[in-house]
Amino acid sequence: MKVDGISYRSIWVDPIDGWSVHIFDQTKLPWSLEILRLTDAAQVIHAIRSMQVRGAPLIGAAAAYGLTLAIKRDASDEAMEQSAAQIAAARPTAINLRWAIDRMTAKLRPLAPADRLREAYLEALAICDEDAAQNEAIGNNGLGLIQSIAAKKPGEVVNILTHCNAGWLATVDWGTALAPIYKAHDAGLRVHVWVDETRPRNQGAALTAWELGKHGVPHTVIADNAGGHLMQHGQVDLVIVGTDRVTRQGDVCNKIGTYLKALAAFDNNVPFYVGLPGSTIDWKVRDGVREIPIEERPATELTTVTGRAMDGAILTVRVTPGGSPAANPAFDVTPARLVTGLITERGICAASEATLAALFPERC
Ligand code: MRU
């Protein structure tokens, strides 16, 4: 996608040295666009944990390059397995991280150590290229949904609500939830996006709003609690969110607060769709509420807020009383019965075991 006319992916190998890995430091957005150069696996793990790099598909791609950088240092069996385990443990909820590490090790284990580095770069690039292509396909498949809503209200704006950031910053390119919106906007449809701020880390207010603004997509940031009210008053035609893990029966794990949006959408007959590539489906898990590990992040993410002061300085301030404990579960699970449909690179399907298996027969 483009930032100020320049095309970027969200992760890439340095074209000059040919080996180090570049990402945008997402903790600095929307205040400044800073590129980070990662040169070893420890830096990649830190970037994933601190959420300099984030979003399920993108942490999968970062993990693939993290393992590649580890192999550059030591390609032995023992070192590779140790690094793979450390990188896979960086964050627990998004399945793409484990999926990418499994794919890399399956490719590299049979090779002699001396042959691993070249193959690791090729495989990490293949993961990135596939993610970008799959997300564009999600965009094309989801475009039809937006077109059919637009056809029912000619000349009017289609209002779409999204939660967290599931745009190109959260993937290698295009995004999942935002890909259909970019496609619709580029096709000339009148779309407007309600952007949930997404406390505590404000991925909506900081990242989704920034992305949409850079692409020229009309949008409005709302408090996380405003969505239900807007739905009751007919101001939301469609909800599209991304996901960190979908179970084989179609339960959807995503950023904390998604479940409440799904309940409100269900109560108001607003279609609730989820954009995802096949790499986000965990075929080993059925019941998302009971089986998906939910990351508990530091309480300081909740007790403080970071922003730009009027004098331009970036400040972090405390917003709760010093003595109040805080809990910070980072994800929740929306049961399949609340999901209208899953928008994948292979088409749109109901959130059910049978329909997912029909779309991905080789994986189930
Ligand atoms: O904690 P984050 O910011 O990594 O969480 C990201 C999300 O929950 C996204 O909605 C999800 O990864 C989908 S990304 C296309």
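Descriptive notes on the structure:
- Considering Leu38, Leu29, the condition of being closer than 26 Å to Ala206 by Cβ and over 19 Å from the mean Cα position of the chain (by Cα) is satisfied by Leu38 alone.
- Any hit, segment 49-65, residues being at positive phi, in a loop (DSSP other than H, G, I, E, B) and surrounded by 24 or more Cβ atoms within 10 Å (Cβ to Cβ): yes
- Residue within segment 238-254 that is in a helix (DSSP H, G or I), within 13 Å of the ligand (Cβ to nearest atom) and in contact with a helix residue (DSSP H, G or I) (Cβ under 9 Å, 6 or more places away or on another chain) present: no
- Residues of segment 88-96 include none that is without any contact (Cβ under 8 Å) to a residue 24 or more places away in the chain and in contact with a strand residue (DSSP E or B) (Cβ under 9 Å, 6 or more places away or on another chain).
- Test: residue in segment 154-161 that is more than 27 Å from Lys107 (Cβ to Cβ) and surrounded by 24 or more Cβ atoms within 10 Å (Cβ to Cβ): yes
- Of all residues assigned to segment 66-83, none qualifies as being in contact with a helix residue (DSSP H, G or I) (Cβ under 9 Å, 6 or more places away or on another chain), closer than 25 Å to Arg245 by Cβ, surrounded by 16 or more Cβ atoms within 10 Å (Cβ to Cβ) and basic (Lys, Arg).
- Residue within segment 61-77 that is in contact (Cβ under 8 Å) with a residue 40 or more places away in the chain, over 19 Å from Cys128 (Cβ atoms) and within 11 Å of the ligand (Cβ to nearest atom) present: no
- The single residue among Leu145, Leu117, Leu108 that is among the aliphatic types (A, V, I, L, M), surrounded by fewer than 23 Cβ atoms within 10 Å (Cβ to Cβ) and in the same structural domain as Arg245 (by TED's automatic domain parsing) turns out to be Leu145.
- Scanning segment 287-314 for residues that are among the hydrophobic types (A, V, I, L, M, F, W, C) and surrounded by fewer than 11 Cβ atoms within 10 Å (Cβ to Cβ) yields Ala309, Met310, Ala313.
- For Lys214: the one exception among (1) of a type in the set (D, E, K, R); (2) closer than 16 Å to Pro30 by Cα; (3) in a loop (DSSP other than H, G, I, E, B): (3)
- Scanning segment 168-197 for residues that are farther than 13 Å from Glu136 by Cβ and within 8 Å of the ligand (Cβ to nearest atom) turns up Ala170, Ala177.
- Here Arg98 fulfils each of the conditions (1) more than 29 Å from Val217 (Cβ to Cβ); (2) away from the ligand (no atom under 16 Å from the Cβ) apart from (2).
- Residue within segment 56-67 that is more than 19 Å from the chain's Cα centre (by Cα), over 19 Å from Gln203 (Cα atoms) and among the hydroxyl-bearing types (Ser, Thr, Tyr) present: no
- Qualifying residue in segment 261-270 (condition: among the charged types (D, E, K, R) and loosely packed, with under 15 Cβ neighbours inside 10 Å): yes
- Test result for Leu230, more than 16 Å from the ligand (Cβ to nearest atom) and in contact (Cβ under 8 Å) with a residue 60 or more places away in the chain: yes
- Qualifying helices (runs of 4 or more DSSP H) (wholly inside segment 95-192; at least 1 residues being within 22 Å of Gly234 (Cβ to Cβ)): 113-152, 178-186
The values are calculated or read from the model by the stated rules, or taken from the named source; none is laboratory data. Since this is a predicted model, take the numbers as computed values, not measurements. All Cβ positions, even for glycine, are placed from backbone atoms using ideal geometry, and neighbour counts span all protein chains on display.
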